[in-house]
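Taken together, the values in this text are just the output of simple stated rules run on the coordinates, not laboratory data. This structure is a prediction, so every number in the text was calculated from the model and none was measured. Here the Cβ is made from the backbone with ideal geometry for all residues, glycine too, and neighbour counts use every protein chain on show.
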Amino acid sequence: MSYVELSYWIPLLPALGFALLALGGRSFPGRGSGWFATAVMAVVAVLSLGLLHDVILAAPGWNLAALLGGHHEEALIKPGSPDFPFRLEWTWLAIRGEAGIPLVIYIDSLAAVVTAMVALASLFIHLFSIGYMHGEERYPTFFAYLQLFSAAMLAFVLAGNFFHSLLAWEVMGLMSYLLIGFLYKKKTAQQAQKKAFITTKLADLGFMLGLFWLYLLIGNFDLADLGSGQNLLAIGTGAAAAVGLLVFIAAMGKSAQFPLHVWLLDAMEGPTPVSAMIHAATMVAAGVYLTARFYPLLLFGGVLWVVALVGALTALFAAVLAPAFADVKKILAWSTVSQLGYMFLGLGVFGWAAAMFHLVAHAFFKALLFLGSGSMIHGAATQDIFEMDRLKKHMPWTYWTFLVGALALMGIPPFAGFWSKDLILHAAEEHAPLLWLIGLLAAFFTAFYTTRMIVIAFHKPAMESPWKAAEWTRGAPWLNLGPEEAEPDPSPPAGHHPHESGAEMITALVALAALSILVGFWGSPIFGYGLLTLVYRGEMPELLPASKLMTGYVTGTLVALAGAGLAWFWYSADPLKQRAPLWLTAALQRRLYIDEFYYKVLGALAQAPTQVLAFIDRYLIDGLVDLAGYTSLVISSLLRHLQSGRFATYAFYMLLGALALYVGGAR
Amino acid sequence: MTLAVIVLLAFGGMVLALIAPSFDERPAVLGAISGTVFGASLLMGLLAAHESGVIYGAVVMGPLTSAAIVLLSLVGLLVAAGAAIRKGGFALGSGEVHALVMWGVLGGILLVASAHLLMFYLALELSAYSTYVLVGYDRDRRFGTEAAAKYMILGAVGSALLLFGMALVYTETGNLGYTGIAIELGGNPSALARGGMALMLVGLGFKLAWVPFHAWAPDAYQGAFPLMAGFLSVAPKTALALGIVVLLSRAFGGSESVMAQWIGGLALLSVVLGSFWALLQNDLKRLLAYSTIVHMGFLGLALSTASLTGYTAVAYYLAAYIVTSLGFFFALEALEAEGLPSTLESWKGLGRRNPLLGVLLAVFVLSLAGVPLLAGFLAKLYVFAALAAAQAWAPLVVAVVMVVFGYYFYFRILAAVFLEAPAEDSPELAFSPTAFSLLVLLALAVVALGVWPQPLLRWLQAAVTAVM
């Protein structure tokens, strides 16, 4: 029994776990439901690692030197095993030998790598939540949601049929909605969950339109066949571009790319493990994964530059906004938006494998950072970095693991982000120098805001948060909250002393720190770009441009050091000194007014036609519906008289019927 | 194996009837015996799939017979289990109930297996007589005896017309065997033969409750124990529908035949009028009777295409209808046993008094209405697919519109169960564990068939292909 044959258990187990927790979660004593869910994820993690092992054995081998030169025709040194990529298939919704929509599990290298990534990240986030969510009223429900979310994400990654990808994608959207609003008594959480749902749902329309258009063109939803020459020929350049872009819109929504990034900041209303899992490590990565799967269409349609442009702009935009925030989760949320931008940039400049490397590396170090922030919040009882009191002294484990994540994010060698981000920048330098400069600038800001966060939260004593009283940060005008509901987040109660978190939480942090270092090395040139060559597919134009690799690494490091140095220099001297003009800070903190613009202008635009439609619906359509219903009831009450209860009448009907048939028959 | 099943069921029924008086105090024993016999016949039915050949020129062995044995034995098994819901058994003793159910099932199996009109008629009567008695079994029930009398007299009229029709067909063809009839009729039956077929259709339509031969159904359902109404709604229907599949494909020739066209007409009439009648019903068993009429209409539409797709749709529809309808009638039986009459009025707020029961009822009602992910949805979908494949656009459009009517009268049940508040003084609703486990089992089956129909569909299609 190979792990490939067992692979359907990978999404199935957490789905069953969800059913069990949803029905009987309350019967577990104490933290039992949390430990149960974590045990399920541990089994899933073992299965996915086994699957990854099988895939590594079966995958084709490449000659690195030839690949780097771009000659992938000669680069193949070991053909993959004949049944690779693995495919498990069951018929579904078929009648009389028609194809229906087969249930397919499709396992190529990318699917196996991302499955392992999701399973491991999810496992440690489950483990962390056991302690973090302790004392929560709906403790079992939380784990039930996490389980179903993991099931949906794993199903999405393994699905070999875009129809089922869509189903899993929508379940993830629903779970995101439910988990953002998990603390549903908070008005802000309610508003945030609606905002996230509406934004992503609008984007999802693109997925559906693209998918159904695709179906009209080629008549199936098969993922593996999408890039085949015959299919591309049937689709044509124009349609390929249109379908690719429609799907990319959905990916932009899910992965919070400008201008659909607005929901991710508010999504931080969910509990921190949720932010780590859904809004950093896995679900937001689904957009990148989907784009990677539609890569052949985007390439064939010649619209990769759109992906690259959106990615680069988002990377810079989010990195510039991040330094203006004081809430540790919001800083990390901007950082997520920015890093996802890098991945799209990588996809857009032919750095397909590099982008996938960054996807995996980012998942681990961002989960680590978010869980670290959860530990900080847990210990310091505030989300405001200014109010955190020398956490390095009080929470050494959290500090050192957080530092590993932060260095990875900044791109300091030899941590994960250094290996992955610099490869993306390197590909950009080769194919789109302007976007490369944008990316470098974003890297500078990344190092800057990360260092600022660390210096203020971990090294400095607690101080009055500078913007807490500022008029423009109070509440959120775009969330339509009344003044009494828009209180700023609470400060820690007087006399609170920061303390280190419990053993499960520390274990999760250490494990993720180790994983994020390891995965960085796996994709580094030291190990022959192992991860990149594994996911590389022959039909991609290139693995990496060969030239000037060393220069790229040096430039990236220098830029990151410069950003980190500036932040260190400024904030260790005087964290509270106002260095940017006040109007600029205000504009940045109000997210450049984009959310307000959407709320006011798009809201009004959407409402005008709605009024008209509402009128038509209420008076015209409802009237017709009522009329139809009324007529039916009248007919029904008339027909009732036929059913007299007298059997002579009934026999008469039968004879009448016989006569009618007989006359008809003798005709 | 087929022969063994026939013998087993015939003698099983006799033994049950003979020992019944000694077990009046312990009805569970009889239920267990009956269940064991049906379980055995179900297994033997599965084994019979590979048989072939004809016994005495009248009983065909083969995959379709095997499928009929399995489906009808399943019904028998479920009804035997469902009899345990009512503690203390039935008013006049339970042994006879089990015996009659067993003979009813036997008649149904023979009906499908038959290759000869005489056999067909005998099987039909065997199954019909058991149901006449079962409907009127509870003498103390207000409508029981009246309903049984009406049902039997009308049934006699139907049988007479059926027999007359057979006689006319015999006059014209000189044959009672299906193969002989098919050869003699050829492509273009004479006027006399057509008349005979028309009269036969009245008898068949009566059992399937197609409009205008349906009028007995609401009274019979209302008068019977809900369990027996449930049996009535699935067992004779399953037998008749599969029997008509055999008749159409072996004797009365294919999709071009007038018989298939008449069936289409009757079916459409049933779907439309049945839906209208159902709109204003307040008695749940009457409502379910009209619902059966509508469902048999959908089934008839698939039959009228006389294609492999259509017949597969018929078979799947029957399987889906067995689990859904029996589930709903079991719930009725359990609630009546707790003293809750089967009216919309008394079901108000049921979902609040017992949420788990509410969810189970919702599964069955939604499946009857045809909501996706449940068996009833796929059943209708396959019927529509068959109609589309036969390019019968007009019936397809009408049928789809009538599904909306279905939503109205089914959702009235759900609205009463979930949206209305229970009466002030309603006591805690007790519910027997037997009933609960049966309902959960059937609800799981409804969901399983709706989500993963493939294995069943493949099996049914193989069975149906054998008669084409």
### Summary
Spelling it out for A:Leu76: with amide H atoms placed in the peptide plane at 1.01 Å from N, the residues 5 or more places away or on another chain with amide H under 5 Å from its amide H are A:Asn63
### Task
Write down, largest first, the equivalent ellipsoid semi-axes of chain B in whole Å, where each equals the square root of 5 times an eigenvalue of the alpha-carbon gyration tensor.
33, 26, 20
#### Entry: Lysine pair number, Cα distance threshold 18 Å (strictly under), chain B, separation 8 or more or different chains
7
### Query
Given Cα pairs under 8 Å that are at least 6 residues apart, what percent is the relative contact order of the stretch A:304-589?
28 percent
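Calculate the all-directions average of the projected area of the stretch A:601-666's alpha-carbon convex hull, and give it in nm².
8.4 nm²
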### Query
Which value, in debye to the nearest 20, gives the size of the charge dipole of the protein assembly as shown about its Cα centre, when Lys and Arg are +1 and Asp and Glu are -1 at the Cβ?
660 debye
### Task
Specify the angular offset, from 0 to 90 degrees and rounded to the nearest 10, of the alpha carbon long axis of helix B:63-82 from the longest principal axis of the alpha carbons in chain B.
20 degrees
### Message
Beyond a 32 Å Cα-Cα separation, which of these cross-linked pairs lie in this structure: A:Lys187/A:Lys392; A:Lys185/A:Lys460; A:Lys194/A:Lys393; A:Lys329/A:Lys393; A:Lys185/A:Lys600; A:Lys186/A:Lys254?
### Response
A:Lys187/A:Lys392; A:Lys185/A:Lys460; A:Lys194/A:Lys393
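Sort B:Asp140, A:Asp384, A:Asp617 so that the residue with the fewest other Cβ atoms within 10 Å of its own Cβ comes first and the one with the most comes last.
In increasing order of surrounding Cβ atoms, one gets B:Asp140, A:Asp617, A:Asp384.
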### Query
Got a sec? Charge dipole of the protein assembly as shown, +1 on Cβ for Lys and Arg, -1 for Asp and Glu; which of B:Gly297, A:Ser373, B:Leu419 is way out at the positive end?
B:Leu419
### Message
Can you tell me, using C-alpha contacts under 8 Å and at least 6 residues apart, the relative contact order of chain A as a whole percent?
### Response
14 percent
### Task
Find the all-direction average of the projected area of the Cα convex hull for the stretch A:304-589, expressing the result in square nanometres with one decimal place.
15.7 nm²
## Note on the structure
Counted neighbours (other Cβ, 10 Å), sorted fewest up, put A:Met388, A:Met153, A:Met133 in the order A:Met133, A:Met388, A:Met153
### Per-residue ³J(HN,Hα) for the stretch B:173-178, Karplus 6.51 cos²θ - 1.76 cosθ + 1.60, θ = phi - 60°, Hz, x for Gly and Pro
10, x, 9, 10, x, 4
### Query
What is the Cα radius of gyration of chain A over 2.2 N^0.38 Å, N being its residue count?
1.07
### Message
Using a 10 Å cut-off around each Cβ, can you sort A:Asp389, A:Asp225, A:Asp422 from fewest to most neighbouring Cβ atoms?
### Response
A:Asp225, A:Asp389, A:Asp422
### Query
Which percent of the Cα-Cα distances in the protein assembly as shown go past 53 Å?
35 percent
### Scattering profile of the stretch B:90-202 at q = 0.18, 0.21, 0.22 Å⁻¹ [log10 I(q)/I(0), Debye over alpha-carbon scatterers]
-0.90, -1.08, -1.14
### Query
Tell me, what ³J(HN,Hα) does each residue in the stretch A:377-393 have, in order and in whole Hz, if you take phi through Karplus 6.51 cos²θ - 1.76 cosθ + 1.60 with θ = phi - 60° and put x for Gly and Pro?
5, 4, x, 9, 6, 8, 9, 8, 5, 5, 7, 7, 9, 6, 5, 4, 6
## Note on the structure
Highest mean packing first, using Cβ neighbours within 10 angstrom, the peptides A:342-351, B:312-321, A:601-610, A:403-412 sort as A:342-351, B:312-321, A:403-412, A:601-610
#### Entry: Relative contact order %, chain B, counting alpha carbon pairs below 8 Å whose residues are six or more apart
15 percent
### Task
Rank-order B:375-382, B:208-215 by packing density, defined as the average count of other C-beta atoms within 10 Å over each peptide's residues, highest first.
B:208-215, B:375-382
### Task
Rounded to whole Hz and in sequence order, give me ³J(HN,Hα) for the stretch A:135-151 from the Karplus expression 6.51 cos²θ - 1.76 cosθ + 1.60, θ = phi - 60°, writing x for Gly and Pro.
x, 6, 5, 9, 3, x, 4, 4, 5, 4, 4, 4, 5, 5, 4, 4, 4
### Summary
Taking the dipole of chain A about the Cα centre (Lys, Arg +1; Asp, Glu -1; charges at Cβ), the one of A:Ala241, A:Pro82, A:Leu605 that reaches farthest to the positive side is A:Leu605
### Task
Over the whole of B:276-285, what's the average partner chain Cβ count within 10 Å per residue? Rounded to a whole number, please.
3
## Note on the structure
Any residue on another chain or 5+ positions along whose placed amide H is under 5 Å from the amide H of B:Thr343 is listed here as B:Leu284
### Query
Given H placed 1.01 Å from N in the peptide plane, which residues other than close sequence neighbours of B:Val59 have an amide H under 5 Å from its amide H?
B:Ala115
